[in-house]
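Here the structure comes first, spelled out in structure tokens, and everything after it is commentary.
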Amino acid sequence: MRIIVQNAKCQGHARCAAHAPHIFKLDDAGYILAGNIEVAEGEELTASRGARSCPERALKLDRQPCSTSEPDVIPPRVRRA
């Protein structure tokens, strides 16, 4: 399992890290660090609780098996006029 991090949505509430500081790493200002998070086996429940606690929905659960060919950071969408 992995957590998909959408940095643009993070507002620094740090609720994710309150549930699992060893999984959700924050910068000095309290914002989640860039890059998706690979969740270790046995940590799925704790990671899920942390991700679901985000009031901004900046963290999404991906329960599919991890693929090494995917990028770690999802690029922002380009809006077309």
statement: Under 5 Å from the placed amide H of ILE23, counting only residues 5+ away or on other chains, we find none
task: Would you mind working out the magnitude of the charge dipole of region 2-62 relative to its Cα centre, with +1 at each Lys and Arg C-beta and -1 at each Asp and Glu C-beta, to the nearest 20 Debye?
output: 280
query: Given the Cα-Cα distance of ARG57 and HIS13 and 0.36 nm per residue of separation, how much length would full extension add, in nm?
result: 14.7 nm
task: May I ask you to list the GluC sites (Glu not before Pro) in region 1-68 that are in a DSSP loop and have at most 16 other Cβ atoms within 10 Å of their Cβ?
output: GLU41, GLU43, GLU56
- request: Starting with the fewest neighbours, write out ARG52, ARG63, ARG2 ranked by other beta-carbon atoms found within 10 Å of each beta-carbon.
  value: ARG63, ARG52, ARG2
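Throughout, read-outs are computed from the coordinates displayed, never taken from laboratory work. This is a predicted model, so every value here is computed, not measured. For neighbour counting, all protein chains shown are included, and Cβ atoms are generated from backbone atoms with ideal geometry for every residue, glycine included.
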